[in-house]
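Accompanying notes for the structure given below.
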Amino acid sequence: MTKTDKFASLVDRFPNLFRNVKSASSPVRLRRFTFGIECGDGWFPLIEELCSKIEEVIVSLPDEERRGTYALQIKEKFGELRFYMSACNEKIDALIDEATSLSLKTCERCGELGKIRTDGWYRTLCDHHEKEWSERRSARGTYTVVK
């Protein structure tokens, strides 16, 4: 399943959370989620569980509040999961904080136990994918700033 397919499945299964995104079956281009999910596949189970929990909270909100509460962006930044919402309450904030904490010990590539690594770029990776990442970075050589 491609990343686009995974994102489309989230849109279809959590219609309140992704109310600002047209269904995958719609001919209208996705809005506000131009890039879909911007992180590795290893975090998809975390994202999927988080979406399910947030959807439950949204469904319990009063109509007006429900209409204004939806996902804006899902990505990796500084080695952790970032999940941006149009509006939040304490429950949603706590759910996002919990998923963010889990992302800091989950390999972004495979979902196995990982930890934050940095070589100028922050990544949460297992030992195997850290080695792979380091080898790829080394193969590129060093970078020189051109003035």
Practice item. Could you please find all residues in region 105-123 being free of Cβ contacts under 8 Å to residues at least 60 places away in the same chain and among the acidic types (Asp, Glu)? Key: Asp119
Check your understanding: Which one of the conditions (1) acidic (Asp, Glu); (2) more than 20 Å from Glu108 (Cα to Cα); (3) modelled with pLDDT under 90 does Asp5 fail to meet, given that it meets all the rest?
Key -> (2)
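Whether any residue in region 8-19 is closer than 30 Å to His128 by Cα, modelled with pLDDT under 90 and not basic (Lys, Arg) is what I want to check.
Quick first cut of region 8-19, residues closer than 30 Å to His128 by Cα only: 8-10.
Those left that are additionally modelled with pLDDT under 90: 8.
Narrowing the set further to residues that are not basic (Lys, Arg) leaves 8.
Yes: region 8-19 contains one or more residues that are closer than 30 Å to His128 by Cα, modelled with pLDDT under 90 and not basic (Lys, Arg).
Could you list, in sequence order, the residues of region 20-40 that are modelled with pLDDT of 90 or more and buried (at least 17 other Cβ atoms within 10 Å of the Cβ)? It would help to see each step written out before you state the result.
Let us first name the residues in region 20-40 that are modelled with pLDDT of 90 or more, namely 38-40.
Cys39, Gly40 - these are the residues of region 20-40 that are modelled with pLDDT of 90 or more and buried (at least 17 other Cβ atoms within 10 Å of the Cβ).
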Check your understanding: Inside region 46-101, can you point out the residues that are farther than 25 Å from Glu112 by Cα, in contact (Cβ under 8 Å) with a residue 40 or more places away in the chain and of a type in the set (Lys, Arg)?
Key -> Arg66, Arg67
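With the structure loaded, tell me whether Glu80 is buried (at least 18 other Cβ atoms within 10 Å of the Cβ) and of a type in the set (Asp, Glu) or whether it fails that test.
On the way: buried (at least 18 other Cβ atoms within 10 Å of the Cβ): yes; of a type in the set (Asp, Glu): yes.
Yes, satisfied.
Being under 11 Å from the mean Cα position of the chain (by Cα), at pLDDT 95 or above and of a type outside the set (A, V, I, L, M, F, W, C) is the requirement here; does Ser103 meet it? I'd like the intermediate steps shown before the answer.
Values: under 11 Å from the mean Cα position of the chain (by Cα): yes; at pLDDT 95 or above: yes; of a type outside the set (A, V, I, L, M, F, W, C): yes.
Spelling it out, Ser103 is indeed under 11 Å from the mean Cα position of the chain (by Cα), at pLDDT 95 or above and of a type outside the set (A, V, I, L, M, F, W, C).
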Revision key, fill the gap. His129: passes all of (1) surrounded by 15 or more Cβ atoms within 10 Å (Cβ to Cβ); (2) in contact with a strand residue (DSSP E or B) (Cβ under 7 Å, 6 or more places away or on another chain) but (2)
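Does at least one position in region 83-97 carry a residue that is within 13 Å of Gly40 (Cβ to Cβ) and surrounded by fewer than 16 Cβ atoms within 10 Å (Cβ to Cβ)? So that I can check it myself, show each step before the final result.
So in region 83-97, the residues within 13 Å of Gly40 (Cβ to Cβ) come out as none.
No - not one qualifying residue is present in region 83-97.
The values are calculated or read from the model by the stated rules, or taken from the named source; none is laboratory data. Everything numeric in this text was worked out from a predicted model, so none of it was measured. Methodologically, a virtual Cβ is constructed for each residue, glycine included, from the backbone with ideal geometry; neighbour enumeration extends over all protein chains shown.
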